[in-house]
Amino acid sequence: MKHKYLVGVYNDDDVLLDAVTQVRKEGYQMHEVFTPFPVHGLDEAMGLQDTRLHTIGFVFGAIGTLFALTAMSYIMSIDWKVIVGGKPFFSFPAYGPISFELTVLFASVGMTVVYYIRNGFSVLRDAEILDPRITDDKFVMAFCLKKYHEEADITKITGLLKQSGAEEVYVKEMENELEANLIKKDGGVIVESHHH
Amino acid sequence: MSTANNTFTIPGKARNFSFILLIAGIVLAAIGAAMNLDNPTRLWTGLLYNNIFFLMLGLVAALFLSAHIVGYGGWVTLFRRVPEAMMLYVPVGGILMLLILYFGLHHIYHWSDPELYNPNGPHYDAILDGKRAFLNPGFFFIRALSYILIWSGLIWLLRRNSIQSDLNPSQGVQLYQSSKYIAAIFIVVYAVTSSTSSWDWIMSIQPHWYSTLFGWYNFISMFVTCNAVMMLILIFLTRNGYLQGITNEHFHDLGKFMFGFSVAWAYLFYSQFMLIWYANIPEETMYFKYRIDNYPLLMWLCVVLNFVTPFFLLITRNAKRDNSRRIMIAAAIIIIFGHWLDFYQMTMPGALANMAHGAAEETHGHHEVVRIGLYEIGLLLAYAGLFTYIFLYNLSRQSLISVNHPFLKESRVYHT
């Protein structure tokens with residue numbers, strides 16, 4: 001089954017930021033916004049929930065620390081005792097660097113894997129990009145047409161996009177569904193964007 | 001931003017608070033001193049480390065400012081008058097420092113005893129004789145005087161440029177450009193003198209001992225304290241209706257600094273500790289050995305207060321952006337107190353041991369007790385009061401916002 005998205009293409013991040021606010025003020029929620037670089041304030045403007053990726057990072061990091069400390073304690077003081085520089089077998093100060101490294105390793109690998117899974121990335125299939133120009137210099141706002149299937153809504157959104165500065169508005173069919181973002185429970189307070 | 005809010009008048013409560021701190025501190029310290037007149041080393045060392053703590057706090061505020069000037073750090077512009085007012089404590093703290101060093105030299109510093117350099121005398125110390133070219137009272141005072149003069153001079157220049165830009169709306173950019181040179185010189189000067197001054201004033205209390213990263217350790221310690229103090233000041237100012245342009249974004253970033261530099265402190269603590277522990281060379285290990293044997297609680301409490309607590313308190317995003325700022329205030333107070341304890345820990349044990357036994361490494365099996373009493377607490381309060389008053393006074397002398405600074409708008413629309 002094909003998935004249809006209404007796509008608005010913008011040329012400038014400030015215009016995009018204002019457009020996001022404007023569209024949400026009219027009561028429409030975009031499915032996703034794609035930008036070639038991180039745009040400050042975009043998450044707030046879209047009403048996105050705060051990411052939980054850092055919590056995952058902390059949990060993986062803690063697992064890494066515990067793993068390192070248990071493994072070293074077992075190896076150095078039970079399994080294979082070696083005298084190093086006359087120090088005790090259980091030498092806590094020496095475990096610091098390895099615990100630190102494993103904390104970082106577990107946290108970063110764990111976060112990467114979770115991030116990939118959550119976003120539906122896979123090595124088994126090619127990524128399907130909504131509009132290739134988002135990897136270059138265009139900013140794209142996408143609406144899910146499963147959510148807005150009424151003709152009146154589509155006309156209204158198209159109008160809003162054009163009016164807020166979109167260069168181009170079109171409908172795109174995708175093989176795969178775009179992963180949905182989590183929106184704040186209250187829909188997020190609509191933030192007036194900053195004028196740089 | 002209304003212009004009315006651009007002038008800071010010292011709130012009566014804050015003025016009284018600083019006076020009460022100062023007076024109560026002096027009274028407590030006087031009582032504490034009267035009870036310990038038989039121990040002049042403790043009295044002078046107490047003055048020394050409290051004075052260093054607040055002097056360095058002012059100095060590192062100048063570094064904070066300089067680093068942001070040189071690095072085009074625009075986000076601080078709204079509240080740059082805060083570190084500016086803090087750094088103006090340096091001349092005051094500097095004069096007190098010279099007085100304490102002059103009158104307390106023989107009570108604090110074991111190496112100042114001329115008997116140690118008499119090759120035929122019973123107290124001859126070959127190691128200290130070898131260090132004599134650097135560690136002698138004459139050169140020691142020349143260094144102390146030049147640090148304070150150079151620091152105060154550069155701080156005066158930074159402040160002058162800042163004031164000039166208020167008076168000349170058209171010269172904001174030129175004055176910023178010339179501040180960059182002053183700030184760059186200050187950073188280089190600070191890089192060298194923060195190390196040498198902490199060798200002189202703190203490390204030389206145990207003159208046999210040395211650690212090459214001692215200066216960095218002190219610098220990070222003060223930098224994180226300075227961030228915590230600025231955090232408290234900004235919360236105070238915004239709650240009193242000043243600096244309304246300061247948003248969660250600014251608090252969030254200052255909070256990240258507090259978190260990040262607490263971790264950096266732990267990194268340096270561990271680097272110093274672990275390398276000394278691993279190499280196991282007597283003249284290096286004696287510093288930690290003496291503290292672990294005699295002051296274990298104090299030593300590990302510093303690690304808990306300065307690393308473990310701020311780490312878990314400040315790790316979440318909400319802790320840094322929460323509008324009640326409860327966690328932030330708690331973390332800031334813990335950090336300030338923790339680093340103050342750390343300065344006690346760096347100075348007092350060594351000084352007391354040296355004066356009692358000749359040298360710290362000769363005190364095996366002798367157990368000291370942590371002596372933080374009325375005297376030390378009193379000094380902390382007195383210095384805090386003095387610092388607060390001088391800060392408030394300097395903050396009220398100029399407009400609260402550097403209105404012609406080229407990065408002011410960047411600071412207002414700041415977003416992390």
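Odds and ends about this structure:
- Among the listed pairs A:K2/A:K138; A:K156/A:K184; B:K131/B:K256; A:K184/B:K13; A:K185/B:K409; A:K81/B:K131, a Cα-Cα separation exceeding 31 Å is found for B:K131/B:K256; A:K184/B:K13; A:K185/B:K409; A:K81/B:K131.
- For chain B, the relative contact order is 36 percent, taking Cα pairs closer than 8 Å that sit 6 or more residues apart in sequence and dividing their mean separation by the residue count.
- Placing unit charges on the Cβ atoms of the charged side chains and taking the dipole of chain B about its Cα centre, the candidate lying farthest along the positive direction among B:N161, B:I182, B:P310 is B:N161.
- Chain A, relative contact order [Cα under 8 Å, separation at least 6], %: 53 percent
- Only one residue of A:T55, A:V9, A:V82 has its Cα farthest out toward the positive end of the dipole of chain A, where Lys and Arg carry +1 and Asp and Glu -1 on Cβ, and that residue is A:V82.
- Computed FRET value (nearest 0.05) for A:H3 with B:A184, which takes r as the C-beta separation and R₀ as 51 Å: 0.35
- Rounded to the nearest 20, the Cβ-based charge dipole of the protein assembly as shown about its Cα centre (Lys and Arg +1, Asp and Glu -1) stands at 1200 debye.
- Taking the centroid of alpha carbons for each part, segment B:78-100 and segment B:1-60 are 13 Å apart.
- Max mean-square fluctuation residue, GNM over chain A, Cα-Cα springs under 10 Å, options A:I129, A:I75, A:I63: A:I75
- Magnitude of the charge dipole, segment B:22-149, Cβ model with Lys/Arg +1 and Asp/Glu -1, debye to 20: 440 debye
- The protein assembly as shown: mean projected area of Cα convex hull, nm²: 34.4 nm²
- FRET efficiency, 1/(1 + (r/R0)^6) with R0 56 Å, evaluated for B:F19 and B:I281 via beta carbons: 0.65
- Rounded D (µm²/s) - chain B, Kirkwood Rh over Cα pairs, Stokes-Einstein at 37 °C, 0.692 mPa s: 147 µm²/s
- Gyration tensor over the Cα atoms of segment B:133-290: the corresponding equivalent ellipsoid has semi-axes (square roots of 5 times the eigenvalues, largest first) of 36, 24, 12 Å.
- Span-rule helices in chain B, defined as complete DSSP H runs reaching 20 Å or more along the axis (Cα) with Kyte mean at least -1.0: B:12-35, B:40-70, B:90-108, B:137-167, B:172-201, B:214-239, B:248-279, B:326-357, B:374-397
- Across all C-alpha atoms in segment A:1-83, the radius of gyration and Dmax reach 23.6, 72 Å.
- Gyration tensor verdict on segment B:1-112 (Cα atoms; rounded if a/c is under 1.5, prolate if a/b is larger than b/c, oblate otherwise): oblate
- Nitroxide proxy distance, nm - points 7 Å out along Cα→Cβ at B:A30 and B:M274: 5.0 nm
- Put a plus charge on the Cβ of each Lys and Arg, a minus charge on the Cβ of each Asp and Glu, and nothing anywhere else: the dipole of chain B about its Cα centre is then about 1780 debye.
- Cα gyration tensor, segment A:53-119 - rounded (a/c under 1.5), prolate or oblate: prolate
Only the coordinates and a few stated rules stand behind these numbers; no lab work does. All figures in this text were calculated on a predicted structure; none of them were measured in a lab. Counting neighbours? That spans all protein chains shown, and the Cβs are built from the backbone with ideal geometry, glycine included.
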